[in-house]
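Trainee: Here you go, one structure.
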Amino acid sequence: MKISSITSQKRDNNRVNILVDGKYRFSLDTYQLVELGVKTGNEYSEEELIALEQESQFGKIYSRALEYCLMRPHSVREVQQYLYKKTRPKRDKSGELRPGIAPEITSRVFERLIEKGYVDDNKFARFWIENRFVNKGVSKRKLRSELITKGINSTIINQLLSETERNDTDEIQKIISKKRSHYPDDKKLTAYLARLGFDYDEIKSAINRKS
């Protein structure tokens, strides 16, 4: 079977359509096209074409996963969950059930993201601590709980929380400034702050300073 034509996609200039014996078979990104040496006139067996189709899937999923990672830093667990969903069957617009991506392909994608440094729990945790509710205020206890949920191990959490300039005293003041009008009663304000993970003595001291 012969590659009869290679044409650029209209919606994505970085991908090309590969036609085999005059019929569309799969697409590749331009980097894959060069890396795999796919050219018009090349002949392949069915097994070789199936292997190229797998490379096509890898390129598509890697591109989508990379976009996901570049929106904001993500933890290893978040990326693993994102890729796992890609392996599950889904129904298309017509209602037909489409198979998910093979796990071996999503595993390759994950390994490539790790290799390129796009997934790093240390970088993610640092980003989360320094940017989470930076204007609204958040307790270190809540940050710790959120990071545990994201799959970050306690060693990284402890280290980064000890290094950050954020402290509960300042964070409480931020929240009181924003929420005082909603909680004019000290008891209700105290209860609200306690639910956010702040220590009772810290809360009491902060409210007294604001009174």
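The values are calculated or read from the model by the stated rules, or taken from the named source; none is laboratory data. All of these numbers come straight from a predicted model, not from anything done at the bench. Quick reminder, even Gly has a Cβ in these numbers, built from the backbone with ideal geometry, and neighbours come from all protein chains shown.
Trainee: Looking at the stretch 178-191, I want the residues that are without any contact (Cβ under 8 Å) to a residue 60 or more places away in the chain and have a partner that is assigned to a helix (DSSP H, G or I) with Cβ atoms under 6 Å, at least 6 apart or on another chain. Which pairs are those?
Mentor: Between residues of the stretch 178-191 that are without any contact (Cβ under 8 Å) to a residue 60 or more places away in the chain and residues that are assigned to a helix (DSSP H, G or I), the close pairs are TYR183/LEU189; TYR183/TYR192; ASP186/ILE207; THR190/ILE203.
Trainee: So if I check each of LYS140, LYS136, LYS179, LYS86, which one is crowded, with 19+ Cβ neighbours inside 10 Å and closer than 30 Å to ALA206 by Cβ?
Mentor: None of the others qualify; the one that does is LYS140.
Trainee: Going by the structure shown, is PHE124 touching a Pro at 6+ places or on another chain (Cβ under 8 Å) and of a type outside the set (S, T, N, Q)?
Mentor: Yes.
Trainee: From ALA65, ALA125, ALA102, grab the single residue that is assigned by TED's automatic domain parsing to the domain that holds LYS150 and not aromatic (Phe, Trp, Tyr).
Mentor: Just one listed residue meets the conditions, ALA125.
Trainee: Return the residues of the stretch 20-45 that are hydroxyl-bearing (Ser, Thr, Tyr), touching a residue at least 24 places away in the same chain (Cβ under 8 Å) and part of a strand (DSSP E or B); say none if nothing qualifies.
Mentor: If the condition is that a residue be hydroxyl-bearing (Ser, Thr, Tyr), touching a residue at least 24 places away in the same chain (Cβ under 8 Å) and part of a strand (DSSP E or B), then SER27 is the only one that fits.
Trainee: Name the one entry in ARG112, ARG88, ARG108 that is farther than 30 Å from PHE198 by Cα, basic (Lys, Arg) and modelled with pLDDT under 95.
Mentor: None of the others qualify; the one that does is ARG88.
Trainee: I'm told ARG77 meets every condition in (1) loosely packed, with under 11 Cβ neighbours inside 10 Å; (2) of a type in the set (D, E, K, R); (3) not assigned by TED's automatic domain parsing to the domain that holds ASN13 except one. Can you identify the failing condition by its number?
Mentor: (1)
Trainee: Scan the stretch 192-211 and report the pairs whose first residue is within 9 Å of ILE172 (Cα to Cα) and whose second residue is exposed (fewer than 13 other Cβ atoms within 10 Å of the Cβ) and at pLDDT 90 or above, with Cβ atoms within less than 6 Å and a gap of 6+ or a chain change.
Mentor: Final answer for the pair search is none.
Trainee: Give the stretch 183-211 a look and list any residue that's assigned to a loop (DSSP other than H, G, I, E, B) and over 34 Å from the mean Cα position of the chain (by Cα), or say none.
Mentor: TYR183, PRO184, ASP185, SER211
Trainee: Moving on to the next point. What number of residues in the stretch 128-138 are of a type outside the set (A, V, I, L, M, F, W, C) and either on the phi > 0 side of the Ramachandran plot or not assigned by TED's automatic domain parsing to the domain that holds LEU160 (or both)?
Mentor: The number of residues fulfilling the criteria is 1.
Trainee: Further, regarding this structure: Can you find, within the stretch 182-211, the residue that is surrounded by the most Cβ atoms within 10 Å (Cβ to Cβ) among those that are within 21 Å of ARG166 (Cα to Cα) and hydrophobic (A, V, I, L, M, F, W, C)?
Mentor: Of everything passing the filter in the stretch 182-211, LEU193 is surrounded by the most Cβ atoms within 10 Å (Cβ to Cβ).
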